[in-house]
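The values are calculated or read from the model by the stated rules, or taken from the named source; none is laboratory data. Just so you know, these numbers come straight off a predicted model, no measurement behind them. FYI the Cβ positions are ideal-geometry reconstructions off the backbone, even for glycines, and counts take in every protein chain you see.
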């Protein structure tokens, strides 16, 4: 995943865009305060992933785009994390509003891009102390259910 992470760059290559596409890329680069090359790389990464996995789209803020399963309200990491609590795809499909196809799609994406999905799961599972360290200006309350 090339979004903001430290990823080794490949050899440079030349790319010619139509004037219309170049204008769109330039506008996006200005809007997001990134280079045109960074914009094209991010767009290419998302486009290629959506072609590899039809039914996956991306959403979120520019520096933290995340894959989600179309037809659900869930990010891929949310489906994968929930799957870990079930015996099988079939059981999960029976007990949730997800179809087997949606679950298998999220699992296949996770298999191909495990670091990306596992990182999102780990960020969600931070302890209260970890959340407070990341967001020291917020008061974090815990609720005890008896």
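List, please: which pairs have Cβ atoms under 8 Å, are six or more places apart or on different chains, and start with a residue in region 48-62 that is under 15 Å from residue 109 (Cα atoms) and end with one that is part of a loop (DSSP other than H, G, I, E, B) and at pLDDT 95 or above? From residues that are under 15 Å from residue 109 (Cα atoms), the pairs are 49/113; 55/70; 55/71; 56/70; 57/70.
Quick check: anything in region 27-37 surrounded by 13 or more Cβ atoms within 10 Å (Cβ to Cβ), in a helix (DSSP H, G or I), out of contact with any helix residue (DSSP H, G or I) (no Cβ under 6 Å at 6 or more places or on another chain) and not assigned by TED's automatic domain parsing to the domain that holds residue 118? Within region 27-37 (the criterion being surrounded by 13 or more Cβ atoms within 10 Å (Cβ to Cβ), in a helix (DSSP H, G or I), out of contact with any helix residue (DSSP H, G or I) (no Cβ under 6 Å at 6 or more places or on another chain) and not assigned by TED's automatic domain parsing to the domain that holds residue 118), the answer is yes, since at least one residue qualifies. A count restricted to region 90-99 and to residues that are in a helix (DSSP H, G or I) and either within 14 Å of the chain's Cα centre (by Cα) or under 18 Å from residue 73 (Cα atoms) (or both) stands at 4. Taking the conditions (1) out of contact with any strand residue (DSSP E or B) (no Cβ under 8 Å at 6 or more places or on another chain); (2) assigned to a helix (DSSP H, G or I) in turn, residue 102 satisfies each one other than (1).
Counting only residues that are assigned to a helix (DSSP H, G or I) and free of Cβ contacts under 8 Å to residues at least 24 places away in the same chain, region 119-146 holds 10 of them. Among the residues that make up region 76-94, is at least one of them closer than 24 Å to residue 38 by Cβ, crowded, with 18+ Cβ neighbours inside 10 Å and touching a residue at least 40 places away in the same chain (Cβ under 8 Å)? Checked against the condition, which is being closer than 24 Å to residue 38 by Cβ, crowded, with 18+ Cβ neighbours inside 10 Å and touching a residue at least 40 places away in the same chain (Cβ under 8 Å), region 76-94 yields at least one hit. Check whether at least one residue in region 114-124 is surrounded by 10 or more Cβ atoms within 10 Å (Cβ to Cβ), touching a strand residue (DSSP E or B) at 6+ places or on another chain (Cβ under 9 Å) and at pLDDT 95 or above, and report yes or no. The answer is yes, given that some residue of region 114-124 is surrounded by 10 or more Cβ atoms within 10 Å (Cβ to Cβ), touching a strand residue (DSSP E or B) at 6+ places or on another chain (Cβ under 9 Å) and at pLDDT 95 or above. The set of residues in region 43-89 that are assigned to a helix (DSSP H, G or I) and in contact with a helix residue (DSSP H, G or I) (Cβ under 9 Å, 6 or more places away or on another chain) comprises 43, 49, 52, 76, 77, 78, 79, 80, 81, 82, 83, 89.
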